[in-house]
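I have placed the structure first, in the form of structure tokens, so that the comments after it can refer back to it.
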Amino acid sequence: MDEAGTVYGYAVAVDPRGRLRYGHVDGRTAEFHPLWLRERAPDPATTDPQTGQRLIEAADIPLDLAVTDACVENDGVRLSFSDGHSTVFSFAVLDEAISGRAEERRLWGRDLTPLPQADAQAVVTDDAALHAMLEALDRYGCVIVRGLAATEDGMSPVVDRIGPLRRTNWGGIADVKAIPSAYDLTMTARHLEKHADNPYRDPIPGYIFLHCIVNNAEGGDSEIADGFAVAERMRREHPEEFSILTTVRPRFRYVDETTHLEHEGPLIELGSSGEVFRVRYSNRTETVDALEPDVLDPYYRARARFHALINSPEMTVQFKLGPGDMIVMDNYRLLHGRRGYKLETGMRHLRQGYVDRDTLQSRRRILARSHKKAVS
Ligand SMILES: [Fe+2]
């Protein structure tokens, strides 16, 4: 690197194409495109200080714009551009740009014991406890909250701390218990294989809040698996099957007398950096189109592998919710099911609600501003 400046181990330089070369103190290096830097220049001529929104028209920036000079200035980098603009980026902003959030995930299998936990009273009364709960949920994809009232709306004090419930055609908080007129297999006592909830909705519910009122029947244990860990294992061990599951887009469907819901998407959905962004597995509601047999053949083989891994003992954590317990699950990531239970031996009555992804993530980010210490 032709260094234009160094401080505290950081190094900055401009390459022959007018890009910024940035050397992080920890040894990582990155290149920044001049337009990427120019369109988000953190000065009041470019970015509104109050709203943080862009003031200039990004599409009007010359495509041949170049960084002409870079030098270390205090705790950041002063940049000059070929359009005559000059601005200062802090090291913190550039560092954040090159660190991926995927690094903060913890993938897990049956060794995730105990499950991440939070105390309901603390979460309701203390922002730091709520933040720790939401960070654990973000890192592991699930958290158990203990100490809720074992009453019909006992989850409300915790949910109200996060944001509004998503209302669906089933209402807000809905019963999960065996009833004679079941409109979904959830409302029976049968074993439920692991699945993501409601992939036929658009948007798919982001988070599931599953609260236990009574669970004294024989059986009825909960089972969960980390869908991201399963997907990464497929990517590692069976890359062609992994690829098939990221490209074939089955349709998911729910139909009753008053509702017809449909949505489509791959069983493994990737984000812009190739990271696993969302998994879908819902045997009950998947309806793949009648594609060419040469496409369906490898799809069915890959789907069978995915299913076998999701339900393998080594990827499964099994536990039993008790009265006043609630599990909160990332429905983009976790696959959940339950063991069958015997109605003649007792009762199993859970209640469930959904919170949208943007609602919960907004709450987590706001709390992070003042409560940086996360669950480890
Ligand atoms: Fe479910």
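The values are calculated or read from the model by the stated rules, or taken from the named source; none is laboratory data. Given the structure is predicted, the values throughout are model-derived calculations rather than measurements. Cβ placement follows ideal geometry from the backbone for every residue including glycine, while neighbour counts extend to all protein chains displayed. Accessible surface is based on the protein model in full, side chains and every heavy atom, while ligands, DNA and RNA are left aside. Shrake-Rupley method; radii C 1.70, N 1.55, O 1.52, S 1.80 Å.
Things worth noting here:
- Answer residue from region 87-109, given it is assigned to a helix (DSSP H, G or I) and of a type in the set (G, A, S) and is nearest to G227 (Cα to Cα) among those: A102
- Residue count for region 18-66, restricted to those that are in contact with a Pro (Cβ under 7 Å, 6 or more places away or on another chain) and charged (D, E, K, R): 1.
- Within region 155-177, tally of residues that are free of Cβ contacts under 8 Å to residues at least 12 places away in the same chain, open to solvent by 70 Å² or more (accessible area, probe 1.4 Å) and closer than 11 Å to Y354 by Cα: 1
- Within region 192-204, tally of residues that are over 15 Å from the mean Cα position of the chain (by Cα), within 12 Å of the ligand (Cβ to nearest atom) and not hydrophobic (A, V, I, L, M, F, W, C): 4
- In region 205-222, the residues that are within 12 Å of the ligand (Cβ to nearest atom) and under 16 Å from Y281 (Cα atoms): P205, I208
Residue by residue, here is whether (1) surrounded by 15 or more Cβ atoms within 10 Å (Cβ to Cβ); (2) more than 14 Å from the ligand (Cβ to nearest atom); (3) on the phi < 0 side of the Ramachandran plot holds:
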site	(1), (2), (3)
F306	yes, yes, yes
K342	no, yes, yes
G353	yes, no, yes
R357	yes, yes, yes
H371	yes, yes, yes
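- The listed residue being surrounded by fewer than 17 Cβ atoms within 10 Å (Cβ to Cβ), on the phi > 0 side of the Ramachandran plot and either assigned by TED's automatic domain parsing to the domain that holds P116 or among the charged types (D, E, K, R) (or both), out of G346, G322: G346
- Count of residues meeting criterion [under 22 Å from I98 (Cα atoms) and not in a loop (DSSP other than H, G, I, E, B)] in region 15-67: 18
- Looking only at region 227-250, residues that are in contact with a Lys or Arg (Cβ under 7 Å, 6 or more places away or on another chain) and within 30 Å of K320 (Cα to Cα) come to 3 in all.
- Only listed residue being touching a residue at least 24 places away in the same chain (Cβ under 8 Å), closer than 26 Å to R338 by Cβ and not hydroxyl-bearing (S, T, Y), chosen from V317, V295, V255: V317
- Selection from region 76-88 of residues that are without any contact (Cβ under 8 Å) to a residue 60 or more places away in the chain and either among the polar types (S, T, N, Q) or open to solvent by 30 Å² or more (accessible area, probe 1.4 Å) (or both): R78, S80, D83, G84, H85, S86, T87, V88
- Given (1) within 30 Å of M315 (Cα to Cα); (2) crowded, with 16+ Cβ neighbours inside 10 Å, number of the condition R190 does not satisfy: (2)
- When restricted to residues that are touching a residue at least 12 places away in the same chain (Cβ under 8 Å) and surrounded by 13 or more Cβ atoms within 10 Å (Cβ to Cβ), region 44-68 contains 8.
- Counted residues, region 311-329 - those being within 16 Å of the ligand (Cβ to nearest atom) and in contact with an Asp or Glu (Cβ under 8 Å, 6 or more places away or on another chain): 5
- Residue check for Y281: at pLDDT 95 or above, within 16 Å of the ligand (Cβ to nearest atom) and either over 22 Å from the mean Cα position of the chain (by Cα) or not in a strand (DSSP E or B) (or both): yes
- Of the residues screened, A225 is not one that is in contact with a helix residue (DSSP H, G or I) (Cβ under 8 Å, 6 or more places away or on another chain), in contact (Cβ under 8 Å) with a residue 60 or more places away in the chain, within 16 Å of the ligand (Cβ to nearest atom) and assigned to a loop (DSSP other than H, G, I, E, B).
- Filter result (basic (K, R) and without any contact (Cβ under 8 Å) to a residue 12 or more places away in the chain) within region 89-147: R101
- Here is the figure for region 229-249: residues that are in contact with a Gly (Cβ under 8 Å, 6 or more places away or on another chain) and either in a loop (DSSP other than H, G, I, E, B) or not assigned by TED's automatic domain parsing to the domain that holds A290 (or both) total 1.
- Given (1) farther than 30 Å from M347 by Cβ; (2) surrounded by 14 or more Cβ atoms within 10 Å (Cβ to Cβ), index of the condition Y207 fails: (1)
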